[in-house]
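Structure first, then comments.
None of the figures in this text is laboratory data; all of them are computed from the coordinates on show. Small disclaimer: the values here were computed from a predicted structure and weren't measured. All Cβ positions, even for glycine, are placed from backbone atoms using ideal geometry, and neighbour counts span all protein chains on display.
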Amino acid sequence: MEQLAHVFSLIVQPAYDLTGSWWAAIFLFTLATKIILMPLALWTQQNSIVMVRLMPETFRLKTRYFGDRETIEERSNELNKKAGYHPLLSLIPLAIQVVILFGLVDVIHGITDSGAPGTEFLGMTPIIDGGITWIMPLAAALSSVALGLASNKLNPLQREQSRAEKNTTNGLSIAMSLVLAVYVVCGMAFYWVCSNLLSILVQIVCNIIIDPRKQVDYDELNAARDEFEAMDAATKSTHKWFQRDPHAAREKEDYKRFFDTIGKHLVFYSESSGFYKYFQGAIEWLLANSDIRIHYVTSDPNDQVFELAKQQPRLIPYYLGQRRLITLFMKLDADVVVTSLGDLESSYMKRSYVRKDAEYMYMCHHMTSMTVTSTRNEYTYYDDVLCVGPHQQHDLELVEKYYDTPSKRKPAIGYDLLDRSIKNYQKQNLGQRKPGEKPLLLIGPSWQYDNLMDSCLDGLLEQLMGRGWRIVVRPHPEYLKRYPARMEEILARYADADPEELSFETDFSSNTSVLSADLLFTD
């Protein structure tokens, strides 16, 4: 370090001779090091821009392989290597700063040991001498704050980081500056303050010489980031950070158990317990007429399938929340997958990238038109659509022709739920009211814009309550999924209502209220 200190003295001493101030000499020394290291700063700038250029593809990887950290890391490393990005390059300037600090120690001690007037403060250490010297740790911390705020706006890589990443980076920098300035002499702390402030100027110069806007497509970057953040937000836990998810351990265990199972020939996916009724006929027939093992994935921890599985050892249920579910779909290894999800591949749920030959079947959960409420790609990425009858087959043929999408198999399988509903209606005499029993009025809205729940529910209930009806409000499952906060607000408004007069039905596993209603309000 003595040799390094000698080299530094060759800059500091002439600077002092020029200015007559050791403080000014340290500032000029800092400026000189920034100029000498400018090529390294430009190299780091270009390296950061390379990383920013890769971000759209990185966000697309995170979206495509959502939750699959191993694959995301592997593909990201391939991208970085191909583009020539060096992840450790940003550490070199920091390492050089540390080396400069060590070399500057002897320079400062040489100045203070000379006993020249006005050098006493340079050699004082805040932790030892206290008093006015504490201004240097404060100045170091404030200069680090200024550098952090400027970097958030000017540094091409830091500007694109998340708020948490920025706070972490800046927080560590501020803490390091503060601690360093407490334990080193004031002259070295002053160098650190100058270095932080001049780094802002260096970044401005780098942006002028190598303008990130000329190399980065920020529209593409923002679009890719928005898509990933939307998926991430949609799958975040509803629990506060300090609240424990009561189903977390169970979900983790089921996820592992699912992938530990080899040879999954048939997988069903259900959004909630209420969807089992759409699969029930097919599942019961398969259990009675084959030896196949049915793997049933559900997003409802209280799904009725868990009780049914106790009596059916070949019906194997798994509970998975939304975040793990997306990853499961992407890594799904099964011969046949049956769901009632619309927009497969166009939404967060993708076809497996592990099994390209897996066959995906769409199970219709209604008997009506396939075109009125469906989206552009509702059925596009399915191999089969299990239709109720010829009318749905015809609708799908028209959809395929209109959008010029590949033709898929469209077997007509009937509607088992209707058959069972008729039997249950007759068996339970649901059309007969007991003596003195109030007539049942069912409010069954849809979930589209301006639906009954959002537009006129309060006014409708105001007119109906107190008139001798037993009212059941049965919101659409999609409404509950898309607008949980609205539903909670509605439930809170009517929390004090007499349950014998007004109730809300959010469990769709049974159709009893539908079959026994005397009057139906819908939109």
Cleavage-rule hits (GluC sites (Glu not before Pro)) in segment 367-410: DSSP loop, at most 10 neighbouring Cβ within 10 angstrom: none
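Please identify the chymotrypsin sites (Phe, Trp or Tyr not before Pro) of segment 184-285 that satisfy two criteria: DSSP loop assignment and at most 16 other Cβ atoms within 10 Å. Which are they?
Details: sites: 190, 191, 192, 218, 228, 241, 242, 255, 258, 259, 268, 269, 275, 276, 278, 279, 285; in loops: 241, 242.
Loop-located and lightly packed - 241, 242.
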Dipole of the chain [Lys/Arg +1, Asp/Glu -1 at C-beta], most positive-end residue of 415, 202, 97: 415
0 to 90° range, to nearest 10: angle between helix 484-493 axis and the chain longest Cα axis: 70
Residue 509-residue 401 FRET efficiency (beta carbon distance; Förster radius 41 Å; 0.05 resolution): 0.65
CD proxy at 222 nm, helix term only [per DSSP H run n ≥ 4: -39500 (n - 2.57); per residue of the chain; nearest 500]: -17500 deg cm²/dmol
Folded to 0 to 90 degrees: helix 416-428 orientation relative to the chain principal axis, Cα: 60
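Just the number: Rg to Rh for segment 177-234, Cα atoms, Kirkwood Rh, two decimals.
Values: Rg = 19.4 Å, Rh = 15.0 Å.
Radius of gyration relative to Kirkwood radius: 1.29.
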Volume in Å³ per residue [convex hull over Cα atoms, computed for segment 269-375]: 113
Dipole-positive endmost among 183, 286, 425 within the chain (Cβ charges, Cα centre): 286
Given charges at beta-carbon only (K, R positive; D, E negative), |dipole| of the chain in Debye: 580
Separation in nanometres of the label points that stand 7 Å from Cα toward Cβ, at residue 394 and residue 32: 9.1
Size of electric dipole in segment 283-338: Cβ of Lys, Arg +1 and of Asp, Glu -1, about Cα centre, debye, nearest 20: 240
Scattering profile of segment 146-216 at q = 0.14, 0.24, 0.26 Å⁻¹ [log10 I(q)/I(0), Debye over alpha-carbon scatterers]: -0.50, -1.07, -1.14
Additional length obtainable on full extension of the chain from residue 355 to residue 10, 0.36 nm per residue less Cα span: 117.5 nm
Per-residue Cβ neighbour rank within 10 angstrom, fewest leading, 434, 423, 350: 434, 423, 350
Lys/Arg +1, Asp/Glu -1 at C-beta; the chain dipole; positive extreme among 23, 471, 79: 79
Rg in Å to one decimal, and Dmax rounded to a whole Å, for segment 1-122 via C-alpha atoms: 21.9, 67
Residues in segment 32-48 reached by a label modelled at residue 89 [backbone nitrogen below 12 Å; 7 Å Cα→Cβ]: 40-48
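So if each residue of separation counts as 0.36 nm, and I subtract the Cα-Cα distance between residue 366 and residue 427, what length gain in nm does that give? Kindly include the intermediate steps, with their values, before the conclusion.
Details: separation 61, 0.36 × 61 = 21.96 nm, distance 2.30 nm.
Extra length available between residue 366 and residue 427 comes to 19.7 nm.
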Simple label model, 7 Å out from Cα along Cβ direction - residue 489 to residue 178, nm: 4.1
Ranked 119, 371, 63, criterion: other C-beta atoms within 10 Å, fewest first: 371, 119, 63
In order through segment 513-523: 3J(HN,Hα) via Karplus (6.51 cos²θ - 1.76 cosθ + 1.60), integer Hz, x for Gly, Pro: 5, 5, 6, 9, 5, 8, 9, 10, 10, 8, 10
Correct option for P(r) over Cα pairs in 10 Å bins from 0, in percent [calculated from the coordinates] among (i) 3, 13, 18, 17, 13, 11, 9, 8, 5, 2, 0; (ii) 4, 19, 30, 28, 14, 4, 1, 0, 0; (iii) 3, 13, 19, 20, 18, 12, 8, 5, 2, 0, 0: (i)
With 10 Å bins from 0: P(r) over segment 370-523, alpha-carbon pairs, percent: 9, 29, 29, 22, 9, 1
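I'd like the FRET efficiency for residue 291 and residue 152, computed as 1/(1 + (r/R0)^6) with the beta carbon distance as r and R0 of 56 Å, rounded to 0.05.
Numbers: r = 62 Å, r/R0 = 1.10.
Calculated value: 0.35.
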Helix 38-64 vs. the chain, principal-axis angle (Cα, 0 to 90°, nearest 10): 10
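Based on the Cβ-Cβ distance from residue 19 to residue 229, what FRET efficiency comes out when R0 is 60 Å, to the nearest 0.05?
0.70
Can you tally the net charge around residue 508? Count Lys and Arg as +1, Asp and Glu as -1, for every other residue whose Cβ sits under 13 Å from the Cβ of residue 508.
Residues near residue 508 contribute -3 overall.
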Simple label model, 7 Å out from Cα along Cβ direction - residue 257 to residue 448, nm: 4.2
